[in-house]
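Read-outs throughout are calculated quantities, based only on the coordinates presented, and are distinct from any laboratory measurement. Bear in mind the structure is a predicted one, so any value in this text is a computation, not a measurement. Note that each Cβ is placed from the backbone with ideal geometry, even for glycine, and that neighbours are counted across all protein chains shown.
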Amino acid sequence: MLQGLYILDDFDLIYGSTYEEIGKLVNIYAPPQTRLTIRQNITLLKNADVIFTGWGSPIFDNELLSAAPNLKAVFYGAGSVKSIVTDEFWERNIKMTSAYAANAEPVVEFTLSQILFSLKRGWYFVIQSKKQQNHVNRVDVPGAYGTTVGIVSLGMIGKKVCELLKPFDVRVIAYDPYISQKEAEKLNLELCSLEEVFRHSDVVSVHTPWLKETEGLINGELLSSMKQNATFINTSRGAIVNEPEMIDVLKTRPDLFAILDVTYPEPPIEGSLLYTLDNVILTPHIAGSMSGECHRMGAYMLEELKRFVAGKELKWEITKEKALIMA
């Protein structure tokens, strides 16, 4: 039987509903560890064939790997693994699998909710009603009929958002230089330049991974080109946006709204106008898995474990190349 350990900051949050099933397939031979306690008890790693981790994972550096000579697979019950892997990890040919697909689900749900709410200019009415302490006069809204939704980047999340938009009477356009025309047709969307997406959309939603090449991709020129009463949504990474330029645009374009679940830095610096501008909706990175939603990530890792034990191909395996482009 495989020998395994849990090493993460909050075991119950991710694996609380799956540990009994995991225990039927793996002998968990020690209590759950955190990234701090495993360094203090590093000899516990000696017999580990598999490690179950998630947010609060240790970094799989040479010290940790040297203490775990039998390690065959790491099950990461969260999203991107970029912050926990090293060159030494990849050199040892250890399997790595991630619950990034599970974590994508609530991001997609959050995004869809904000797209539809924004087409009604919902946040404008919320804020103005509070300020005026009364129902405010209804103003023109784009609405969800015949309007245009723009998607920036068609990775897993971007594609899922497009799939969920299919039943609605909106036109979907997207920017992604790596997507073929055939894939675009399957998603029922039109490929455009980044400039066209911002210029023609009533709502733009960004799902670009944070890479060196994408830092500051969304700049003031793009944002200032947006239509009257348009909305910009970012659930990806704050560094994708040139925030000083965005703030300048939002100051001069009160008709625009920015819904920001991510910022750079996160949270914004003290005194940032992102806290006070009426046309900024700021949420503390809540689009991803929270509370009970996190159990979905544990469930994905349980299914991956079953495949691993059966000698099958892992559905959500992460390679070194794939890790580099994950958000």
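Key figures for this structure:
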{"quantity": "Projected area, mean over directions - the chain, Cα convex hull, nm²", "calculated": "18.6"}
{"quantity": "Exposure rule at most 12 other beta-carbon atoms within 10 Å, DSSP loop GluC sites (Glu not before Pro): the chain longest free segment", "calculated": "1-269"}
{"quantity": "Which listed pairs, of Lys166/Lys315; Lys46/Lys315; Lys186/Lys227; Lys130/Lys251; Lys160/Lys182; Lys120/Lys186, have C-alpha distances above 23 Å, in listed order", "calculated": "Lys166/Lys315; Lys46/Lys315; Lys186/Lys227; Lys120/Lys186"}
{"quantity": "Assigned charges on the beta-carbon of Lys, Arg, Asp, Glu; segment 103-282 dipole about Cα centre (debye)", "calculated": "540"}
{"quantity": "Within the chain: Cβ-based charge dipole about Cα centre, in debye rounded to nearest 20 (Lys, Arg +1; Asp, Glu -1)", "calculated": "540"}
{"quantity": "Within the chain, helix-based [θ] at 222 nm, where runs of 4 or more DSSP H residues each add -39,500 (n - 2.57), nearest 500", "calculated": "-10000 deg cm²/dmol"}
{"quantity": "Proxy reagent accessibility, fewest Cβ within 10 Å first, across His285, His207", "calculated": "His285, His207"}
{"quantity": "Residue-span extension gain [Ile325 to Asn93] - 0.36 nm each, minus C-alpha spacing", "calculated": "81.6 nm"}
{"quantity": "Among Leu222, Leu273, Ile7 the positive-end extreme of the charge dipole of the chain (Cβ point charges)", "calculated": "Ile7"}
{"quantity": "Whole-number D in µm² s⁻¹ for segment 103-282, Kirkwood Cα-pair radius fed into Stokes-Einstein, 20 °C, 1.002 mPa s", "calculated": "130"}
{"quantity": "Antiparallel bridge percentage (DSSP; both residues within segment 103-282; nearest 5)", "calculated": "0"}
{"quantity": "q = 0.10, 0.14 Å⁻¹: log10 I(q)/I(0) that the Debye formula gives for segment 1-145, counting C-alpha atoms only", "calculated": "-0.50, -0.69"}
{"quantity": "Fluctuation leader among Val170, Val126, Val107 - the chain, Gaussian network, Cα springs under 10 angstrom", "calculated": "Val126"}
{"quantity": "Which of Ile38, Ile179 has the fewest Cβ neighbours within 10 Å, and the rest in rising order", "calculated": "Ile179, Ile38"}
{"quantity": "Spacing of the two label points (7 Å from each Cα toward its C-beta) at Ser224 and Lys120, in nm", "calculated": "3.4"}
